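Worksheet: one structure, shown below.
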Amino acid sequence: MQIFNNWNVVAKGWYIACPSHELLKGKVKSLEVCGQRIVIFRGEDGQVRAMDAYCPHLGTDLGIGQVDGNWIRCAFHHWAFDETGHCQNIPCQPEIPAKAKLQAYATEEKYGFIWIYPDASAPEKVADFDELKNKAIAIQYDRAFERSCHHHICMMNGIDAQHLKTIHHLDIKMELSLDRDESGTQMDFTMRGQFPQTTFRERLGQRFLGSTYEYSMRYAHGCIGLLTMMKNVRFFSPLQMIFAYTPITPGRTRIQPIYVTEKRRGIGGWLLSQFLLLCTRLAYYMLRDEDGEIYDNIRFNPKVLLGIDTPLVQYMDYVNKLEPSQWSLTKTDASVKHETFQRF
């Protein structure tokens with residue numbers, strides 16, 4: 001099955017539900033993630049649970065129910081479900097039917113957000129930056145925005161060496177190194193090269209940063225991109241940010257930018273961390289505004305690829321080897337959906 005650029009397939013991976021601060025202890029929230037209605041709630045122990053939103057009894061949205069300890073209780077007939085999705089209490093009778101259960105999902109809180117994995121357990125956690133593993137981090141997140149193309153296409157931007165010159169006017173010849181982890185769910189691209197001196201912008205960059213330039217892009221599950229800029233340059237620390245992608249509807253993708261840096265001690269350390277987060281935001285704004293129009297007006301259908309496009313081909317191969325989740329549409333589902341669109 002082709003997964004790349006396929007709106008009917010949701011690959012197994014971590015997808016953002018909402019910011020952590022929006023779900024206080026004892027609160028419940030119903031929302032849509034990748035086209036699925038999911039209920040999330042924070043129990044008395046402070047942990048977040050997630051499961052399919054509609055009660056298996058008569059289909060009431062559990063999002064209008066109440067948190068009862070570490071259970072969620074339906075507003076209609078007060079059935080209670082635990083974190084595994086199994087019903088634990090029916091007020092009108094002691095016996096609980098075997099089918100009184102819901103699909104539960106793994107959750108993780110990281111980078112200021114609640115993330116959901118489309119299965120009861122996840123084989124790995126939300127992706128990390130190697131440089132920040134086991135370190136306290138400072139984060140800021142920007143307003144999410146949407147693009148009119150599949151998130152797989154949006155994600156290719158970070159490794160499209162050709163567009164650095166045509167869109168961003170950076171005439172840098174990049175050397176590529178590629179590393180794919182054993183699980184096949186994570187792929188690292190590192191691009192490095194020499195600063196040319198043909199424009200004022202390039203000469204200024206070389207003066208302050210050195211003669212070489214390097215950045216890396218880590219892709220996880222085909223839905224998270226971890227970008228590290230300003231690697232191995234002088235007078236500056238690396239800048240790190242995350243792009244979290246979520247398909248909304250066929251033809252629309254939500255992108256959540258998150259800026260990340262190491263949390264440093266003291267007032268001076270706090271000021272440095274805030275400065276680096278600001279620099280990351282400004283660098284991102286410059287790049288986003290230059291090529292945003294491209295990704296809102298694209299119908300991806302490559303027929304002629306060049307040698308310089310090799311990273312894009314490797315990325316497409318990586319995505320097509322990911323595992324579809326249960327949130328994916330079957331051929332029958334896709335056919336019915338297509339007929340519905342045709343009818344209306």
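Restricting to segment 100-118, name every residue that is under 16 Å from the mean Cα position of the chain (by Cα) and part of a loop (DSSP other than H, G, I, E, B).
Residues satisfying the conditions are 111, 112, 118.
Looking at segment 62-80, can you tell me whether even one residue there is among the polar types (S, T, N, Q) and within 30 Å of residue 249 (Cβ to Cβ)?
No, because not a single residue in segment 62-80 is among the polar types (S, T, N, Q) and within 30 Å of residue 249 (Cβ to Cβ).
Please identify the pairs in which a residue from segment 46-58 that is without any contact (Cβ under 8 Å) to a residue 60 or more places away in the chain has its Cβ atom under 7 Å from the Cβ atom of a residue that is among the aromatic types (Phe, Trp, Tyr) and part of a loop (DSSP other than H, G, I, E, B), counting only partners at least 6 apart or on another chain.
Hits for this filter: 55/76; 55/79; 57/79; 58/76.
Within segment 46-62, is even one residue part of a loop (DSSP other than H, G, I, E, B), modelled with pLDDT of 95 or more and among the hydroxyl-bearing types (Ser, Thr, Tyr)?
yes
If you scan segment 25-63, which residues turn out to be at positive phi and buried (at least 17 other Cβ atoms within 10 Å of the Cβ)?
Across segment 25-63, the qualifying residue is only 34.
Quick one: which residue in 219, 215, 245, 259 is outside any helix (DSSP H, G or I), in contact with a Lys or Arg (Cβ under 8 Å, 6 or more places away or on another chain) and over 16 Å from residue 131 (Cβ atoms)?
245
Quick one: how many residues across segment 303-325 are among the acidic types (Asp, Glu) and free of Cβ contacts under 8 Å to residues at least 12 places away in the same chain?
1
Return the residues of segment 119-168 that are in a loop (DSSP other than H, G, I, E, B), of a type in the set (A, V, I, L, M) and touching a residue at least 40 places away in the same chain (Cβ under 8 Å); say none if nothing qualifies.
122, 126, 127, 136, 144, 167
If you check every pair at least six apart or on different chains, which have Cβ atoms under 9 Å apart with a residue in segment 275-290 that is assigned by TED's automatic domain parsing to the domain that holds residue 165 first and a residue that is assigned to a helix (DSSP H, G or I) second?
Going by the 9 Å Cβ cut-off, the qualifying pairs are 287/157.
The values are calculated or read from the model by the stated rules, or taken from the named source; none is laboratory data. As the structure is a prediction and not an experimental result, all values here were calculated from the model. Counting neighbours? That spans all protein chains shown, and the Cβs are built from the backbone with ideal geometry, glycine included.
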